[in-house]
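Since the structure comes first, as structure tokens, the remarks are kept for the end.
The values are calculated or read from the model by the stated rules, or taken from the named source; none is laboratory data. From a predicted model like this one, the values you see are computed outputs, not experimental measurements. As a convention, Cβ positions derive from the backbone with ideal geometry for all residues, glycine included, and neighbour counts pool all protein chains shown. Please note that ligands, DNA and RNA were not included when accessible areas were found on the heavy atoms of the full protein model with its side chains. Shrake-Rupley method; radii C 1.70, N 1.55, O 1.52, S 1.80 Å.
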Amino acid sequence: MILVITIVCIISTIISSSEVTTSKSLPQAIIIGVKKCGTRALLKFLSIHPATAVSSTEIHYFDSPQNFQFGLDWYRNQMPIAKNNQYLTIEKTPHYFIDRQTPARIAHLLPEVKLIVILRDPIIRAISDYVQIKNRHESYPTFDEFISMNNFTRWTPIKIGCYSLYLRRWLKYFPLERIHFVDGENLIQRPWQELESVQKFLNISNHIQQEHFYFNSHKRNFPCIKQPNGCLGSSKGRHHPSISEHTREKLKTLYSTCNQQLKELAQINFSWL
Ligand code: A3P
């Protein structure tokens with residue numbers, strides 16, 4: 001009798017554990033960045049596609065020494081449970097883009113994965129990053145004050161906007177065809193256009209269309225999806241402070257070389273480049 005119960009227990013454990021592993025899979029696509037360029041919006045929009053299962057939180061597997069040591073099974077277990085027709089699992093961790101170790105680690109462990117990078121005008125991205133920090137530290141200097149400091153180019157919100165610096169590292173491990181670049185400015189204006197090329201890149205049907213979106217006048221006219229909770233939360237689409245012409249010119253000069261390098265490396269020609 002005890003033997004029978006033990007066998008039944010073992011079989012049911014095997015069945016239930018195999019159910020878990022088959023319903024969670026390693027990602028076939030990762031949104032690797034860039035922070036404050038619209039990564040959350042892009043993932044939310046992709047989530048309405050019937051073929052996708054998207055992670056609800058940022059996993060930070062490849063860029064965190066602690067998480068990375070947990071191994072690939074841990075990573076798989078962080079993935080969303082995919083229903084039968086959801087054959088494409090997507091996670092997003094924007095910090096991957098700037099992390100030194102991540103490109104080699106992903107290339108080694110997920111050699112077939114597709115990478116998505118969303119980029120926006122680096123000046124707007126820097127202001128967005130600044131607003132997020134300022135929100136937590138009220139006494140923080142103004143944006144203009146930061147840019148007037150001698151070492152302002154070493155300030156992380158400014159450094160990240162030189163996208164070519166980081167992209168170069170990724171291209172040592174991934175061919176350009178495996179990286180798709182999304183125009184974060186156009187994702188705000190005409191999200192369906194960006195989604196059309198993302199869906200093509202991911203080899204899934206062109207399901208997400210213009211009729212899925214509306215522009216919300218209560219949310220600085222950002223696009224939302226026509227469904228309950230179809231807009232992003234209050235931490236996205238914040239009000240941006242105006243900056244001086246002097247600051248803008250200084251940043252334009254700083255980013256012009258990086259933007260030119262980005263155009264060449266990524267072979268893109270977004271309107272703000
Ligand atoms: P702000 O809140 O500074 O405007 P990320 O998700 O990568 O952190 O990017 C956040 C930024 O996404 C927001 O920065 C906002 O400008 C932009 N964004 C793009 N599409 C959006 C949308 N549909 N709703 C809200 N914010 C959106």
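Do we have residue 129 as open to solvent by less than 40 Å² (accessible area, probe 1.4 Å), assigned to a helix (DSSP H, G or I) and on the phi < 0 side of the Ramachandran plot here? Against the criterion (open to solvent by less than 40 Å² (accessible area, probe 1.4 Å), assigned to a helix (DSSP H, G or I) and on the phi < 0 side of the Ramachandran plot), residue 129 qualifies. Among the residues of segment 22-48, the ones that are of a type in the set (Gly, Ala, Ser), more than 8 Å from the ligand (Cβ to nearest atom) and open to solvent by 10 Å² or more (accessible area, probe 1.4 Å) come to 3 in all. When 90, 123, 81 are checked against the criterion of being within 24 Å of residue 262 (Cα to Cα) and modelled with pLDDT of 95 or more, 123 stands alone in meeting it.
Restricting to segment 84-103, name every residue that is part of a loop (DSSP other than H, G, I, E, B) and within 16 Å of the chain's Cα centre (by Cα). Correct list: 93, 99. Within this structure, residue 273 passes the test of being at pLDDT 95 or above and away from the ligand (no atom under 16 Å from the Cβ).
The helices (runs of 4 or more DSSP H) found entirely in segment 159-273 that carry 3 or more residues being open to solvent by 20 Å² or more (accessible area, probe 1.4 Å) and among the hydroxyl-bearing types (Ser, Thr, Tyr) are 245-266.
Residues that are over 30 Å from residue 249 (Cβ atoms), modelled with pLDDT of 95 or more and either open to solvent by 30 Å² or more (accessible area, probe 1.4 Å) or assigned to a strand (DSSP E or B) (or both): does segment 143-157 have at least one? No, segment 143-157 contains no residue that is over 30 Å from residue 249 (Cβ atoms), modelled with pLDDT of 95 or more and either open to solvent by 30 Å² or more (accessible area, probe 1.4 Å) or assigned to a strand (DSSP E or B) (or both).
What's the number of the condition residue 199 fails, among (1) polar (S, T, N, Q); (2) within 16 Å of the ligand (Cβ to nearest atom); (3) closer than 18 Å to residue 32 by Cα? Among (1) polar (S, T, N, Q); (2) within 16 Å of the ligand (Cβ to nearest atom); (3) closer than 18 Å to residue 32 by Cα, residue 199 violates only (2).
Residue pairs whose Cβ atoms lie under 7 Å apart, separated by 6 or more positions or on different chains, with the first residue in segment 37-48 and among the hydroxyl-bearing types (Ser, Thr, Tyr) and in a helix (DSSP H, G or I) and the second near the ligand (Cβ under 6 Å from one of its atoms) and open to solvent by less than 20 Å² (accessible area, probe 1.4 Å), are 39/94.
One line per residue, one yes/no per condition, for (1) away from the ligand (no atom under 16 Å from the Cβ); (2) among the aliphatic types (A, V, I, L, M):
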{"position": "96", "(1), (2)": "no, no"}
{"position": "120", "(1), (2)": "no, no"}
{"position": "131", "(1), (2)": "no, yes"}
{"position": "157", "(1), (2)": "no, no"}
{"position": "167", "(1), (2)": "yes, yes"}
{"position": "172", "(1), (2)": "yes, no"}
{"position": "178", "(1), (2)": "yes, no"}
{"position": "182", "(1), (2)": "no, yes"}
{"position": "191", "(1), (2)": "no, no"}
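When we screen 261, 209, 227 for residues that are more than 20 Å from the chain's Cα centre (by Cα), closer than 30 Å to residue 155 by Cα, in contact (Cβ under 8 Å) with a residue 12 or more places away in the chain and more than 10 Å from the ligand (Cβ to nearest atom), the only hit is 261. Within segment 54-78, being closer than 18 Å to residue 32 by Cβ, without any contact (Cβ under 8 Å) to a residue 40 or more places away in the chain and open to solvent by less than 60 Å² (accessible area, probe 1.4 Å) holds for 54, 55, 59, 60, 61, 63, 64, 67, 68. The sole residue among 81, 124, 106 that is in contact (Cβ under 8 Å) with a residue 24 or more places away in the chain, in a helix (DSSP H, G or I) and open to solvent by 20 Å² or more (accessible area, probe 1.4 Å) is 124.
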